[in-house]
Amino acid sequence: MSAVARHNVKTSGSDARAMVFAHGFGCDQSMWRHVAPHFEDSFNVITFDHIGAGGSDAGGYDPAKYETLNGYASDVVDIGEELNIQDGVFVGHSVGAMIGALAHVDRPDMFSTLVMVGPSPRYIDDTSYKGGFTVDDIKDLLTSFEENPLAWSASFAPKIVGNPDAPEHGQELADSICNLDPVIANGFARATFTSDNREDLCKISAKTLILQCREDIIASEHVGRYVHDKIPGSEFVLLDATGHCPNLTAPEEVISAIRNFLS
Amino acid sequence: MTDTRNESFGPETAPARYGRLTTDQTGTIIAANERLANWLGLDAFQMTGAPFVEMLTKASRIVFETSIVPLLSLNGHVDGVSLDLKDAEANKLPVLLSAEETGSGEHKVTSFVFLLADARRAYERDLNDARAKAEDRLTTSLHEAQLREQFIAILGHDLRNPLASISSAMSILSREPLSQRSQDIVELTNGSVQRMSLLIQNVLDFARNRLGSGIHLTMTAGTALSAEIRQVVDELRSAQTDREIQLEIGDLDTVRCDVSKVGQLLSNLLGNAVTYGDPSKPIQVRAVKPSANSFELSVKNYGAPIPEAAIARLFDPFVRSTSQEDQQGLGLGLHIASEIAKAYGGSLHVRSDESFTCFTLVIPLSVSD
């Protein structure tokens with residue numbers, strides 16, 4: 001199966017420069033539904049689902065490959081190769097931003113521009129670094145997922161309660177939003193919240209924009225500024241939006257910040 | 001619609017068994033009911049103005065921000081989500097949460113309803129544990145089953161060598177001048193060797209089939225087939241001197257098949273017919289080509305009909321008659337016979353009624369052969 005089919009890749013817009021939108025942990029490509037279409041006039045807009053999310057095909061899921069974010073980044077590179085992406089723009093939300101950065105470090109020719117929305121290179125505090133969470137916080141999160149995967153999130157429910165033998169159920173799944181495979185979501189949570197990609201930031205040579213929300217408990221402002229400091233020549237924009245998902249709660253602000261940066 | 005931002009749940013005369021809370025577009029608490037405040041060990045009035053996420057454990061905050069906020073924004077509601085609230089003493093309070101968004105922009109209000117869920121959470125944890133244990137046990141049993149079948153395959157293989165030695169010893173002995181009594185013993189031993197050889201072949205085929213490599217067919221020209229069928233019938237005649245076995249055999253030279261496997265299948269069917277057929281009536285074997293592209297081998301006996309209920313499981317492994325006294329062998333004969341038929345892309349079927357019982361093998365032949 002091609003990477004394009006496996007990751008439920010959707011393309012729209014013009015034949016111009018490729019612009020890939022990546023979602024983070026907890027949802028799927030629906031995260032970009034209020035933002036991505038606004039770039040169709042001047043870009044070849046590409047959205048996709050990470051493995052285990054939305055309409056992706058999880059057949060042959062290899063837990064070892066996805067122990068770190070590099071497995072997710074290699075999927076992005078596979079998609080880019082199939083679509084012949086050169087000199088593209090990568091817009092990533094949350095952990096999707098770091099995944100895009102890793103894909104860029106691997107293939108700088110494929111993605112030469114990065115837009116990182118709410119990025120964090122490490123969620124767990126370190127001696128002089130404040131990621132926002134203690135080791136115990138993350139342990140608690142991962143244990144909770146393992147103990148109780150079916151109840152943590154409403155988005156897990158359909159696959160658990162549904163009857164996979166009923167064909168109409170498949171359609172229902174494809175139509176549902178932020179539908180996640182619980183086992184793979186646990187793996188994604190582990191890879192995300194135990195990641196430490198601080199050393200990769202200085203390897204980024206792309207033209208980079210960091211979009212930071214206020215009062216974001218997942219990726220706080222000083223984490224965003226840390227990312228900005230470590231990426232040579234990057235731009236930093238503090239949005240008025242609060243929370244972790246400005247692409248849903250304040251799409252206009254996100255759209256105009258990205259437009260300003262790209263023009 | 002009234003402006004929900006000014007809503008206050010007020011004092012409740014009969015406090016509900018659910019927690020209630022509303023937030024504004026920034027996630028700040030507008031109002032909370034007393035039940036929720038009691039659960040959390042807080043004052044409902046003092047909760048107003050605090051960010052809702054501060055009522056959650058750190059782990060639940062992550063889930064809330066990454067999964068629940070997008071769902072609320074995209075769907076307008078979430079139903080029955082499990083999260084942990086955090087009370088004034090930082091204890092976890094497992095709840096089920098449903099929420100709905102109304103209004104937009106600055107007028108957006110989110111209403112939350114909470115139910116205590118610790119018992120349910122414990123039950124779900126038990127279910128998960130039970131599933132994990134069941135999966136473990138299944139994996140272990142599958143592994144053990146495979147080891148057992150490998151053991152059977154190796155044992156069957158190793159039994160062949162000493163059996164071959166016995167067989168050649170009998171062959172040497174039979175060329176010596178022997179007393180009548182010794183000749184009878186050699187004959188009987190030969191019959192036992194043949195039965196054991198067939199049992200071993202059946203066990204080996206069964207184990208190989210179960211291990212996934214299927215029944216092996218080595219196809220050769222059919223010129224040796226008639227001789228093989230005659231030999232199998234003769235062997236049985238000499239072992240069962242009191243039974244009449246009739247043989248009708250056509251021209252089989254063009255039947256391309258695995259001759260020894262057809263012989264094994266016939267031995268199995270004959271063994272069955274000897275056990276269950278009426279000893280006073282003949283067993284009839286018929287090997288013919290009813291058309292250019294098929295080969296048919298049937299074994300008929302005049303025994304009591306096979307009960308309806310037994311027919312369905314007749315070709316399953318380890319099935320033996322429960323009504324008859326003479327229970328011998330592993331009950332693999334008919335199973336292996338039908339597996340051999342399948343390996344040929346053919347079929348083995350049975351007809352059994354008051355008049356007779358007849359097993360018929362039909363193998364399709366490719367005409368070009």
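The values are calculated or read from the model by the stated rules, or taken from the named source; none is laboratory data. Please read all numbers here as calculations on a predicted model, not as lab measurements. All Cβ positions, even for glycine, are placed from backbone atoms using ideal geometry, and neighbour counts span all protein chains on display. Heavy atoms of the whole protein, side chains included, go into the accessibility calculation; ligands, DNA and RNA do not. Shrake-Rupley method; radii C 1.70, N 1.55, O 1.52, S 1.80 Å.
Scaling the Cα radius of gyration of region A:22-121 by the globular reference 2.2 N^0.38 Å produces a ratio of 1.01. Checking the Cα-Cα distances for A:Lys139/A:Lys230; A:Lys130/A:Lys207; A:Lys10/A:Lys130; A:Lys203/B:Lys108 against a 32 Å cut-off, the pairs over it are A:Lys10/A:Lys130; A:Lys203/B:Lys108.
With all protein chains kept in place, the per residue accessible area of the protein assembly as shown amounts to 48 square angstrom at a probe of 1.4 angstrom. Helices assigned as whole DSSP H runs in chain B whose Cα atoms extend at least 20 Å along their own long axis and whose mean Kyte-Doolittle hydropathy is -1.0 or higher are found at B:118-174, B:180-210, B:225-239, B:259-276. Residues considered: A:Phe39, A:Phe25, A:Phe48. Largest GNM mean-square fluctuation over chain A, using C-alpha springs under 10 Å, is found at A:Phe39.
Close amide H partners of A:Leu114, meaning residues 5 or more places away or on another chain with modelled amide H under 5 Å apart, are A:Phe90, A:Lys207, A:Thr208, A:Leu209. For region A:7-13, 3J(HN,Hα) computed residue by residue from phi via the Karplus equation (6.51, -1.76, 1.60; θ = phi - 60°) reads 9, 6, 5, 10, 10, 7, x Hz, glycine and proline entered as x. Summed over both chains, the area buried between B and A is near 2600 Å², taken from the accessible surface of protein heavy atoms with a 1.4 Å probe. Its residues counted as N, chain B yields a C-alpha radius of gyration over 2.2 N^0.38 Å of 1.85.
Cysteines in the protein assembly as shown that lack a partner Cβ within the 4.7 Å cut-off: A:Cys202, A:Cys213, A:Cys245, B:Cys257, B:Cys358. Region B:43-62 and region A:74-122 have Cα centres lying 35 Å from one another. Basic side chains Lys and Arg get +1 at the Cβ, acidic Asp and Glu get -1 at the Cβ, and with that the dipole of the protein assembly as shown about its Cα centre reaches some 1500 debye.
Derived from the Cα gyration tensor, the three semi-axes of the equivalent ellipsoid of the protein assembly as shown are 74, 30, 22 Å, largest first.
Straightening the chain between B:Glu176 and B:Gln146 buys 6.2 nm, computed as 0.36 nm per residue apart minus the Cα-Cα spacing.
Taking the Cβ-Cβ separation of B:Trp39 and A:Lys130 as r and a Förster radius of 45 Å, what is the calculated FRET efficiency to the nearest 0.05?
Approximately 0.90, to the nearest 0.05.
So if I place +1 on the C-beta of Lys and Arg and -1 on the C-beta of Asp and Glu, and nothing else carries charge, what would the dipole magnitude of chain B be about its Cα centre? I want it in debye, nearest 20. Walk me through the numbers on the way to the answer.
Numbers: 35 positive and 47 negative charges, 152 e Å.
In total the dipole reaches around 740 debye.
In the calculated pair-distance distribution of region B:32-75, the portion above 14 angstrom amounts to 57 percent of the Cα-Cα pairs.
Amide hydrogen proximity for A:Phe25: with H placed 1.01 Å from N in the peptide plane, the residues at 5 or more positions away or on another chain lying under 5 Å are A:Val95, A:Gly96.
Dividing the summed helix terms, -39500 (n - 2.57) for each DSSP H run of n ≥ 4, by the number of residues in chain B produces a 222 nm estimate of -14500 deg cm²/dmol to the nearest 500. Towards the positive end of the charge dipole of region A:15-143, with charges on Cβ (+1 Lys, Arg; -1 Asp, Glu), say which of A:Ser74, A:Gly131, A:Gly24 has the farthest Cα. Of the candidates, A:Gly131 comes out farthest on the positive side. Over region B:163-282, the fraction of Cα-Cα pairs per 5 Å bin, rounded to whole percents and listed from the shortest bin up, is 2, 10, 16, 19, 18, 17, 12, 5, 2, 0. For B:Gly303, the amide hydrogen comes within under 5 Å of the amide hydrogens of B:Asp278, B:Thr357, counting only partners 5 or more places away or on other chains and with H modelled in the peptide plane. Phi angles of region B:33-39 translate, via the Karplus equation with coefficients 6.51, -1.76, 1.60 and θ = phi - 60°, into HN-Hα couplings of 8, 5, 4, 4, 4, 4, 4 Hz per residue; Gly and Pro are given as x. Applying the Karplus relation 6.51 cos²θ - 1.76 cosθ + 1.60 with θ = phi - 60° to region A:205-214 yields 3J(HN,Hα) values of 10, 6, 5, 10, 10, 10, 9, 10, 8, 8 Hz, where x marks Gly and Pro.
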